[in-house]
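J.: First the structure, which I've put down as structure tokens, then a few questions once you've had a look.
The values are calculated or read from the model by the stated rules, or taken from the named source; none is laboratory data. The structure presented is a predicted model; accordingly, all values stated were derived computationally and were not measured. All Cβ positions, glycine included, derive from the backbone under ideal geometry; neighbour counts span all protein chains shown.
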Amino acid sequence: MNESRVLKISVFVAVFFSIFIIVFYATTTTRPIGEKYKPLSELGGPFTLHTKEGPFSLSDVEGKVAVVYFGFLSCTEACPASIGVVQAAYKQLTVEERNGVQFLFISVDPDRDSLNDLYDFGDYYDNDLIALTGSEEEIDKVTSDYGVFFELTDLEGSALGYTVDHSSRFYMIDKTGKLFTTMSHSTTPSELAARIKQLQNKAVTAS
């Protein structure tokens, strides 16, 4: 792993642990930014994006509940807080329940978040988190399908160059690959764990 990738992952992990305890007991104060509100019935759908190991499709986790979050590795507030919520929620699940859920982190910043960086980031969380991204066109499509807002914003005088304003929500996918609901940035670990259990116990009906 080269030094720049080590630094990027280290910064993200450091920020995560600095707020983890706060997140565990309280909700994040980050506000969602300009979300594209649509009826739930118009959101969701299949997608295929990419990891270092090759293409990855939502159908690859069919039979499990999926928690999908859109963010980027240079994010210093909303993304680490949201990952903290997921990690705390996982601690409230049994081993069987944990094996039946998959957290998918989709980077909306493919210019900076390489497949190698995302692999290293996901590897830090073992199999709990799969990090993926795609081309600009692929990201535009999946964010449009899921009603996700994101916008590049210049940072004058910053070495980062720009940041990405983005909506901060959990997209809850049932075992058939259908978007069941979304959960806001203020979701607590207990609320997320309860929703995961609800979806795992939800009867699968033929479409």
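J.: Restricting attention to the stretch 180-207, which residues are assigned to a loop (DSSP other than H, G, I, E, B) and not hydrophobic (A, V, I, L, M, F, W, C)?
T.: Once the filter is applied, which keeps residues that are assigned to a loop (DSSP other than H, G, I, E, B) and not hydrophobic (A, V, I, L, M, F, W, C), the stretch 180-207 yields SER184, HIS185, SER186, THR187, THR188, LYS202, THR205, SER207.
J.: Something else now. Could you tell me which of the residues GLY177, GLY157 is assigned to a loop (DSSP other than H, G, I, E, B), on the phi > 0 side of the Ramachandran plot and modelled with pLDDT of 90 or more?
T.: Going through GLY177, GLY157 in turn, the sole match is GLY177.
J.: Could you list, in sequence order, the residues of the stretch 107-117 that are touching a strand residue (DSSP E or B) at 6+ places or on another chain (Cβ under 7 Å) and at pLDDT 95 or above?
T.: Answer for the stretch 107-117, where residues must be touching a strand residue (DSSP E or B) at 6+ places or on another chain (Cβ under 7 Å) and at pLDDT 95 or above: just LEU115.
J.: Here's something else I'd like to know. Can you list residue pairs whose Cβ atoms sit under 7 Å apart, with the first residue in the stretch 52-70 being crowded, with 20+ Cβ neighbours inside 10 Å and the second being of a type in the set (S, T, N, Q) and at pLDDT below 95? Count only pairs 6 or more apart in sequence or on different chains.
T.: Close Cβ pairs satisfying both conditions: TYR69/SER82; PHE70/THR143.
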